[in-house]
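The values are calculated or read from the model by the stated rules, or taken from the named source; none is laboratory data. All of these numbers come straight from a predicted model, not from anything done at the bench. As a convention, Cβ positions derive from the backbone with ideal geometry for all residues, glycine included, and neighbour counts pool all protein chains shown.
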Amino acid sequence: MPELRKDPITGRWVIISTDRAKRPSDFLRQSVEIKGNGFCPFCYGNEDKTPPEILAYGRNGSGRNQPGWTVRVVPNKFPALGIEGDLDRQGEGLFDKMNGIGAHEVIIETPTHEATLATLPEKSIEQVLAAYRDRVLDLKNDRRFRYILIFKNHGEAAGASLEHTHSQLIALPIVPKRVREEVDQSKRYYQEKERCIFCDMIRQEIETESRVINENEHFIAIAPYAPRFPFETWLLPKQHSSAFENNQSPIYTGLAKLMRDILARLDNVLDRPAYNYVIHTSPIGEESNDHYHWHIEMMPKLTKVAGFEWGTGFYINPTPPEESARFMREAHVESAAK
Ligand SMILES: [Zn+2]
Ligand SMILES: [Zn+2]
Ligand SMILES: [Zn+2]
């Protein structure tokens, strides 16, 4: 019989198929292939084809917007929100509105067109994480912003419009509803128990074992108890930490190792799927707290969201997380997560 499971952090229910659980081979999908044909503005040598860079690592004396970089951050050429102007919050009768102010940046993870995040050396992934952190720390000085979301779309099916591997960052003048729900719910849990719900969850998952995919000294990757999507994977720091940007280098090194390991496992088990990931961290102005625990949610693009999901906010997940975790654990990868 299928199972209804509730995610303790968001309160969201999901339907998990248990009888005819789908295996990796059951998902009809297209592998992400880097074709490399056509002009690419993110490639080495095309630096003048993007808006002027905001940040670059690895330059050895070479000038801005020239080759010589290893990670590069530029404004999105087609931003979802505009950086100039005031918020100008207004009521329109019972409706609320404000100007579409925000920052929309692109983190180009490597100058090499053919690379994917899963095939980059750990040191390069660490640099990408450092670029995320540095941009967040800088954008937090802008008092118009309340939240900064870092996310990645890999592959056309996951919404990537350019195949050269990159992530994105959007600074928002409001805290998004999904994040607000997670923060508020974990605060309620803390008020009742004086414990972080994520720390509790990590302890329990380590004890239970069945949903743990891999771990190292600082990080753990699990299939959550009530995942929306097959092979959904969460990466969490083992020690309580409420904000992504307020960490020291061993934490980012541990994360880079585990990210590379998990992405390689996804590539192996699901034959290079399209995927998204998001970094969930505390809103600006509430960075230091005992209740919210930052994390990364990774979702390979295997299923479609349809009418039932739109109508209910429920998700139907055809693969129990205990199964997906097992497939992920058994994947053949050169294990470097330690
Ligand atoms: Zn390229
Ligand atoms: Zn915690
Ligand atoms: Zn989250």
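Quick rundown of the values:
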quantity	calculated
Members of the range 172-183 found to be in a helix (DSSP H, G or I) and either surrounded by 12 or more Cβ atoms within 10 Å (Cβ to Cβ) or among the polar types (S, T, N, Q) (or both), listed by number	178, 179, 180, 181, 182, 183
The one condition in (1) within 15 Å of ligand 2 (Cβ to nearest atom); (2) free of Cβ contacts under 8 Å to residues at least 40 places away in the same chain; (3) out of contact with any helix residue (DSSP H, G or I) (no Cβ under 8 Å at 6 or more places or on another chain) that residue 254 fails to fulfil	(1)
Identity of the residue in the range 37-66, among the basic types (Lys, Arg) and without any contact (Cβ under 8 Å) to a residue 12 or more places away in the chain, that ends up nearest to ligand 2 (Cβ to nearest atom)	59
Options 72, 133: the member that is within 16 Å of ligand 1 (Cβ to nearest atom) and in contact (Cβ under 8 Å) with a residue 24 or more places away in the chain	72
Meets criteria (within 16 Å of ligand 3 (Cβ to nearest atom), modelled with pLDDT of 95 or more and farther than 21 Å from residue 181 by Cα) for residue 321	yes
Members of the range 1-41 found to be part of a helix (DSSP H, G or I) and over 24 Å from the mean Cα position of the chain (by Cα), listed by number	25, 26
Residue that is away from ligand 2 (no atom under 16 Å from the Cβ), within 19 Å of the chain's Cα centre (by Cα) and either of a type in the set (A, V, I, L, M, F, W, C) or surrounded by fewer than 20 Cβ atoms within 10 Å (Cβ to Cβ) (or both), where the choices are 236, 266	266
Conditions (1) loosely packed, with under 15 Cβ neighbours inside 10 Å; (2) more than 30 Å from residue 40 (Cβ to Cβ); (3) aliphatic (A, V, I, L, M): number failed by residue 137	(2)
The range 276-295 - residue that is within 16 Å of ligand 3 (Cβ to nearest atom) and hydroxyl-bearing (Ser, Thr, Tyr) and, of those, farthest from the chain's Cα centre (by Cα)	292
The range 175-199, residues that are within 19 Å of the chain's Cα centre (by Cα) and β-branched (Val, Ile, Thr)	175, 179, 183
Meets criteria (farther than 30 Å from residue 104 by Cβ, in contact with a helix residue (DSSP H, G or I) (Cβ under 9 Å, 6 or more places away or on another chain) and within 16 Å of ligand 3 (Cβ to nearest atom)) for residue 226	yes
Residue 150 at pLDDT 95 or above, more than 16 Å from ligand 2 (Cβ to nearest atom) and part of a strand (DSSP E or B)	yes
Qualifying residue in the range 304-321 (condition: part of a loop (DSSP other than H, G, I, E, B) and touching a Phe, Trp or Tyr at 6+ places or on another chain (Cβ under 6 Å))	yes
Residue list for the range 14-43, filter: at pLDDT 90 or above and either among the acidic types (Asp, Glu) or within 16 Å of ligand 3 (Cβ to nearest atom) (or both)	14, 33
Close pairs (7 angstrom Cβ cut-off, 6 or more residues apart or separate chains): under 12 Å from residue 283 (Cβ atoms) in the range 167-188, modelled with pLDDT of 95 or more and small (Gly, Ala, Ser) anywhere	171/102; 171/103; 172/102; 173/102; 183/282
